[in-house]
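The structure appears right after this line, and notes come after that.
Rule-based calculations on the coordinates, nothing more; no lab input. Since the structure is predicted, the reported quantities are computational estimates derived from the model, not experimental observations. Positions of Cβ are backbone-derived with ideal geometry, glycine not excepted, and every protein chain shown enters the neighbour counts.
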Amino acid sequence: MSFIKTDDNVKLYYETTGKGEPIIFVHEFAGDFRSWAPQVNYFSRYNQCITFCARGYYPSDVPENENKYSQERAWRDIISVMDNLEIEKAHIVGLSMGGFATLHLGINAPNRVLSLVIAGCGYGAIPIDKINFNKEADFSNVSLETAQNIINQGMEKIGSEYALGPSRVQFQNKDPIGWKLFRDQLVEHNPIGSANTLLGVQNKRPNLYAIEKDISTINSPTLIINGDEDDMCLEVGLFLKRTIHTSGLLIVPKTGHTINLEEPSIFNNHLLEFYSRINASTWNKRDERAHIIKV
């Protein structure tokens, strides 16, 4: 088994397959390094593919202190993987929680990025002009309640319920065997690590609309991907598209949150086209003439 050590002395498990320009895949809350199998199987023919387990996800270390988990730590852990593997720049692909980490990496360390793929990103983000303190509390309460339920009732019960959320049933309906594998891997997660991830990362990450100015500084080629039935993230995808001037937006029809597993062929084909356009220097900033002037 292969491990790297972060700058705060946490061991992260990783796997690397293939040769070529590196792609680092960053998993979601309900996933782990195994969640990227359809992408690694395909892209390792052309690229060095790196997957890793975030802190709190065995066989990575599972710190028991909630303060060892944060949104900043999530993107810095990607840098730790790159530094330990002596990778100067990489394509970064993140889903959901991993999409947030990818976005923040693009803001904070643009010199380490070849491109960004931000998929299923946005749960909990609320437009500034629509902020309702009750809604914000609801998002916080969901994270806190889920974390407590995991500790009290275990991953078998809560993980199984999580795998049947409103943006997960699409996967089950299309591919019950693939969904079952996803569910079975989810319930294997360490309850302390899962709870602390909810408390330290999900619960405390900044509202994306509140950091619009920071997001607008992203200048790396960026592909945003959303399922059209992932209601909590769909509008955020449009916001990110309008804010990042080097971005394109893919909306996958009749699809939920777990896009890379639910529609692996669509996901892979669009990533391949994205990388081809980058290599051909045809993935450019949005033409200024395409912007609508606000009166």
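With an 8 Å cut-off on Cα pairs and a minimum separation of 6 or more residues, tell me the relative contact order of the chain in percent. Provide the component values of the computation, followed by the final result.
Working: 542 pairs, mean separation 56.5, N = 295.
Once normalised by length, the contact order is 19 percent.
What is the ratio of the Cα radius of gyration of the range 165-277 to 2.2 N^0.38 Å, with N the residue count, to two decimals? Show your work: numbers first, answer last.
Details: Rg = 15.9 Å, N = 113, 2.2 N^0.38 = 13.3 Å.
Dividing the Cα radius of gyration by 2.2 N^0.38 Å gives 1.20.
Residue by residue, what Karplus-based ³J(HN,Hα) values in Hz, rounded to whole numbers, does the range 162-169 have, using 6.51, -1.76 and 1.60 with θ = phi - 60° and x for Gly and Pro?
Calculated HN-Hα couplings, in order: 4, 5, 10, x, x, 9, 10, 5 Hz.
Any idea what the relative contact order of the range 91-226 is, in percent, if you count C-alpha pairs under 8 Å spaced at least 6 apart? Before the final figure, lay out the partial values.
Working: 151 pairs, mean separation 50.0, N = 136.
Rounded, it is 37 percent for the range 91-226.
I need the P(r) histogram for the range 1-53: all alpha carbon pairs, bin width 10 Å from 0 out to the longest distance, whole percents.
In order of increasing distance, the bins hold 26, 51, 22, 2 percent.
Calculate how many DSSP beta bridges within the range 2-290 are antiparallel, expressed in % of all such bridges and rounded to the nearest 5. Please report the intermediate quantities before stating the final value.
Working: 8 of 32 bridges.
About 25 percent, rounded to the nearest 5.
Please list 107-114, 187-194, 91-98 highest first by mean number of surrounding beta-carbon atoms within 10 Å per residue. Before the final figure, lay out each step's value.
Numbers: 107-114: 16.1, 187-194: 19.2, 91-98: 28.0.
Packing proxy ranking, top to bottom: 91-98, 187-194, 107-114.
Dipole magnitude of the range 2-290 about its Cα centre, charges +1 at Lys/Arg Cβ and -1 at Asp/Glu Cβ only, in debye to the nearest 20? Before the final figure, lay out the partial values.
Details: 28 positive and 35 negative charges, 105 e Å.
The calculated dipole for the range 2-290 is roughly 500 debye.
Give me a comma-separated list of calculated 3J(HN,Hα) values for the range 231-239, in order, Karplus coefficients 6.51, -1.76, 1.60 applied at θ = phi - 60°, integers in Hz, x for any Gly or Pro.
4, 6, 10, 4, 5, 5, x, 5, 4
Using only the Cα atoms, what convex hull volume per residue in Å³ does the chain have?
Values: hull volume 37.5 nm³, N = 295.
Here the figure is 127 Å³ per residue.
Given H placed on each backbone N at 1.01 Å, which residues far from LEU114 in sequence or on other chains put an amide H within less than 5 Å of it?
ALA90, HIS91, ILE92
Which entries of LYS5/LYS89; LYS180/LYS254; LYS213/LYS285; LYS204/LYS285 show an alpha-carbon separation above 23 angstrom in the structure shown?
Values: LYS5/LYS89 19 Å; LYS180/LYS254 19 Å; LYS213/LYS285 17 Å; LYS204/LYS285 32 Å.
From the list (LYS5/LYS89; LYS180/LYS254; LYS213/LYS285; LYS204/LYS285), the Cα-Cα distance tops 23 Å for LYS204/LYS285.
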